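Data block below; observations after.
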Amino acid sequence: MKRTALVITVFLLGTATGLFSAWVCSYHQSPVAADQQPLLESLMHYASMEIAAEHYACEGSPVTTVGAVIASLLEMNNTTSRNRLSYGCYNGVCTLSVSDCKPWQDQECSTRFLKFERDNQQQILPDSFSCLDMP
């Protein structure tokens, strides 16, 4: 009887410690990259720019300007207490996105992307904006 109670107690303590650690780590902040703020500032210069119809694949009400897509991303991010907004660039392709995927989900989650490209001088290419919803 004592052995069973000890095993159950150790199991419950381990489970509680694991859940607490996962919860704490989910709020861990990433270090801020040096080029992030100028990227967002330069992106806002294009807020009134229309996204071409062939580059627009977002669902819901039509939000066809860059600023409207950014607003929809911020609105989607505001539906929960956690920050699900991410952005960054890799090889000249930049994305700003909000994901609705939970860590335990591998399907039935969604992500909205605002994608754009930059040239060799790190200037945004105005014709490269696209909005994409991934189911």
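The values are calculated or read from the model by the stated rules, or taken from the named source; none is laboratory data. This one's a predicted model, so the numbers in the text were calculated from it and none came from an experiment. Glycine gets a Cβ as well: all are built from the backbone with ideal geometry, and neighbour counts include every protein chain shown. Keep in mind that these areas ignore ligands, DNA and RNA; they rest on the heavy atoms of the full protein, side chains included. Shrake-Rupley method; radii C 1.70, N 1.55, O 1.52, S 1.80 Å.
Couple of notes before you dig in:
- Residue match in the range 65-75 (condition: of a type in the set (V, I, T) and in a loop (DSSP other than H, G, I, E, B)): no
- The lone exception for Q105 - which of (1) farther than 30 Å from I124 by Cβ; (2) at pLDDT 80 or above it fails: (2)
- Condition broken by R112, with the remaining ones in (1) of a type in the set (K, R); (2) assigned to a loop (DSSP other than H, G, I, E, B); (3) open to solvent by less than 60 Å² (accessible area, probe 1.4 Å) satisfied: (2)
- Cβ-Cβ under 9 Å pairs, at least 6 apart or on other chains, the range 74-87 side closer than 10 Å to S99 by Cα, far side open to solvent by 60 Å² or more (accessible area, probe 1.4 Å) and modelled with pLDDT under 80: M76/D100; N77/N83; R84/D100
- Note on the range 66-93: among residues that are open to solvent by 30 Å² or more (accessible area, probe 1.4 Å) and β-branched (V, I, T), the one that is modelled with the lowest pLDDT is T80.
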